[in-house]
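The values are calculated or read from the model by the stated rules, or taken from the named source; none is laboratory data. All values derive from a computational prediction rather than experimental measurement. So basically every Cβ, Gly included, is an ideal-geometry build from the backbone, and we count neighbours across all protein chains shown. Keep in mind that these areas ignore ligands, DNA and RNA; they rest on the heavy atoms of the full protein, side chains included. Shrake-Rupley method; radii C 1.70, N 1.55, O 1.52, S 1.80 Å.
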Amino acid sequence: MPIWNEEFETMSREDMSKLQLERLKTLVERVAKTSSLYKKKLAEAGVSADDLKSLEDISKLPFTTKDELRHNYPWGMFTVPLKDVVRVHASSGTTGKPVVGGYTRADLDMWAEVMARTVSAASITADDVVHNGYGYGLFTGGLGFHIGAEAVGATVVPASAGLTRRQLMLMEDFGATVLTCTPSYSLVIAEEAAAAGIDIKERLKLRVGVFGAEPWTEKMREEIEAALGLDAYDIYGLTEMIGPGVSVECRHHNGLHVFEDHFYPEIIDPASGEPLGYGVEGELVFTTLTKEAMPIIRYRTRDRTILHADKCACGRTVVRMEKVLGRTDDMLIIRGVNVFPSQIERVLFGFDELEPQYQIIIDRGKHELDTVEVWVEGADDLFVPVETANIQALEKKVEARLKETLIISCKVKLMKPHSIERSMGKAVRVVDKRNLDS
Ligand code: DLL
């Protein structure tokens with residue numbers, strides 16, 4: 001498969017480091033003049049561009065947090081006059097104000113470039129019909145994929161999310177070979193097809209899917225590939241950096257290639273902030289090396305992963321990040337015990353009788369005691385005919401496995417297929433009723 005930009009994607013480590021240091025110095029020099037936030041932060045840290053002698057010196061620079069972005073809502077993070085900002089996007093966010101991203105014309109060109117690299121890594125070419133089921137609008141997914149697929153000359157169908165039956169019809173009629181949407185929505189499409197008696201593998205020509213914007217496991221990849229008959233690629237990105245286009249898998253599926261000439265990645269210890277090396281799990285931090293409208297220094301993503309620097313069999317030399325392992329801030333504290341939703345998911349996915357559709361409901365019961373219910377859908381044959389004893393036995397088995405892993409007890413409720421509410425975008429996995437007001 002062709003590499004879109006050989007020069008940058010296969011650059012030697014030495015040349016890449018040199019380029020990154022040059023770009024980092026230029027960035028620091030510029031924000032010290034154009035951003036009141038960074039002017040203050042750099043002065044407080046007592047650092048200037050001249051102190052950056054090697055890339056390791058990046059650790060002298062202060063971090064940027066999501067809270068700072070929120071405090072500077074809506075335009076406070078921009079370092080160019082608004083007349084030079086030609087587009088804005090925003091992440092939805094469940095509480096408070098959204099996080100805004102702004103783009104100059106040059107930023108949009110850079111986005112098209114990294115998205116062209118992205119879709120090329122996922123083996124998409126001018127011969128493909130790309131059915132784009134990411135939401136169009138403030139969310140970066142729809143328009144981000146749109147410009148990348150157009151840049152490589154593919155035929156783009158800007159379907160956006162929703163109206164699932166219609167999506168199936170369009171994919172069939174237009175001969176879609178590629179599907180792009182959230183991994184959870186791809187399963188909604190598969191379910192809708194099954195319910196309508198449509199054999200996707202027979203009637204559709206899908207060969208590739210590019211799924212991201214939310215965490216998904218290898219087990220989910222297997223389910224999606226089997227249900228839709230395609231090769232599923234993971235793509236990662238965030239509004240604060242650019243949207244999608246930060247990293248993507250190639251056909252070897254051994255981590256996501258980071259376009260590090262634009263987004264410099266680091267892994268840090270989330271507690272101390274100390275940089276950790278390659279091969280160690282920690283929090284992912286990014287610096288935008290080339291963005292004009294909204295440059296960000298050392299942004300704490302809260303996403304947990306591991307970086308690798310060895311060359312990939314595809315020929316790319318850029319750093320790879322493993323599939324996101326979870327978030328540092330999705331930790332739930334239940335009856336004083338730390339619980340990660342990803343631990344619960346791993347237990348559920350260990351049972352063949354269960355489907356990858358679940359929700360974790362946390363509430364505060366009598367005597368201020370937290371309760372956890374795990375709702376998970378069972379496979380069709382568990383319910384036809386309904387064998388209450390079997391269902392209860394399975395619930396007990398899952399409860400026991402969860403207790404072993406989490407230490408605390410959860411109540412498991414086995415649900416009929418399709419009974420947990422589906423999302424057209426990112427799936428809602430945790431419903432914490434304890435702090436709905438915050
Ligand atoms: O989700 C951008 C995007 C659109 C990525 C389409 C991929 C495809 P935000 O809405 O700002 O941006 O959400 C960013 O979503 O910090 C991660 O926690 C999560 N996330 C994104 N991609 C992945 C992924 C877009 N592949 C936040 N795996 C990030 C796990 C992901 N989590």
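Of all positions in the range 105-121, none carries a residue that is assigned by TED's automatic domain parsing to the domain that holds E240, free of Cβ contacts under 8 Å to residues at least 12 places away in the same chain, under 30 Å from V430 (Cβ atoms) and more than 12 Å from the ligand (Cβ to nearest atom). Within the range 57-85, being without any contact (Cβ under 8 Å) to a residue 60 or more places away in the chain and open to solvent by 60 Å² or more (accessible area, probe 1.4 Å) holds for K60, D67, R70, H71, Y73, W75, P81, L82, K83. Residues that are in a helix (DSSP H, G or I), touching a residue at least 40 places away in the same chain (Cβ under 8 Å) and either away from the ligand (no atom under 12 Å from the Cβ) or within 16 Å of T182 (Cβ to Cβ) (or both) within the range 136-153 comprise T140, G141, L143, G144, F145, listed in sequence order. State whether the residues of the range 262-274 include one that is within 19 Å of L42 (Cα to Cα), buried (at least 18 other Cβ atoms within 10 Å of the Cβ) and within 14 Å of the ligand (Cβ to nearest atom). No, the range 262-274 contains no residue that is within 19 Å of L42 (Cα to Cα), buried (at least 18 other Cβ atoms within 10 Å of the Cβ) and within 14 Å of the ligand (Cβ to nearest atom).
Being open to solvent by 70 Å² or more (accessible area, probe 1.4 Å) and within 13 Å of M294 (Cα to Cα) is the filter here, so list the residues in the range 31-48 that pass it. Result: S36, single match.
Applying the set (1) away from the ligand (no atom under 16 Å from the Cβ); (2) closer than 15 Å to M415 by Cα; (3) not in a loop (DSSP other than H, G, I, E, B) to N338 leaves exactly one unmet item: (2). Here is the figure for the range 275-301: residues that are among the acidic types (D, E), within 16 Å of the ligand (Cβ to nearest atom) and part of a loop (DSSP other than H, G, I, E, B) total 1. Candidates in the range 213-230 are the residues that are outside any loop (DSSP other than H, G, I, E, B) and either at positive phi or surrounded by fewer than 19 Cβ atoms within 10 Å (Cβ to Cβ) (or both); of these, the one that is nearest to the ligand (Cβ to nearest atom) is E218. For the range 302-318, the criterion of being among the hydrophobic types (A, V, I, L, M, F, W, C), open to solvent by less than 50 Å² (accessible area, probe 1.4 Å), at pLDDT 90 or above and not in a loop (DSSP other than H, G, I, E, B) is satisfied by at least one residue. Scanning the range 393-415 turns up one or more residues that are open to solvent by 80 Å² or more (accessible area, probe 1.4 Å), farther than 30 Å from T180 by Cα and acidic (D, E). Scanning the range 154-184 for residues that are touching a helix residue (DSSP H, G or I) at 6+ places or on another chain (Cβ under 7 Å), in contact (Cβ under 8 Å) with a residue 40 or more places away in the chain and open to solvent by 30 Å² or more (accessible area, probe 1.4 Å) yields a total of 1. Selection within the range 123-135: residues that are among the hydroxyl-bearing types (S, T, Y) and either outside any loop (DSSP other than H, G, I, E, B) or buried (at least 17 other Cβ atoms within 10 Å of the Cβ) (or both). The member of this set that is nearest to the chain's Cα centre (by Cα) is Y134. With the structure loaded, tell me whether A389 is over 23 Å from K219 (Cα atoms), open to solvent by less than 80 Å² (accessible area, probe 1.4 Å) and either out of contact with any helix residue (DSSP H, G or I) (no Cβ under 9 Å at 6 or more places or on another chain) or among the acidic types (D, E) (or both) or whether it fails that test. Yes, satisfied. Only one of the numbered conditions (1) within 16 Å of the ligand (Cβ to nearest atom); (2) farther than 30 Å from T317 by Cβ; (3) surrounded by fewer than 20 Cβ atoms within 10 Å (Cβ to Cβ) is not met by L187, and that is (3). The set of residues in the range 275-301 being open to solvent by less than 10 Å² (accessible area, probe 1.4 Å) and not hydroxyl-bearing (S, T, Y) consists of G282, E283, L284, V285, F286, K291, A293, M294, P295, I296, I297, R298. Please verify whether K323 is within 15 Å of the ligand (Cβ to nearest atom), of a type in the set (K, R) and assigned to a loop (DSSP other than H, G, I, E, B), treating the condition exactly as stated. Yes: the conditions hold for K323.
Restricting attention to the range 12-28, the residues that are exposed (fewer than 15 other Cβ atoms within 10 Å of the Cβ) and not small (G, A, S) add up to 6. Selection of first residues in the range 227-252 that are at pLDDT 95 or above and of second residues that are within 8 Å of the ligand (Cβ to nearest atom) and assigned to a loop (DSSP other than H, G, I, E, B), restricted to Cβ pairs under 7 Å at least 6 apart or on distinct chains, gives the following pairs, ordered by first then second residue: D234/K323; Y236/V324.
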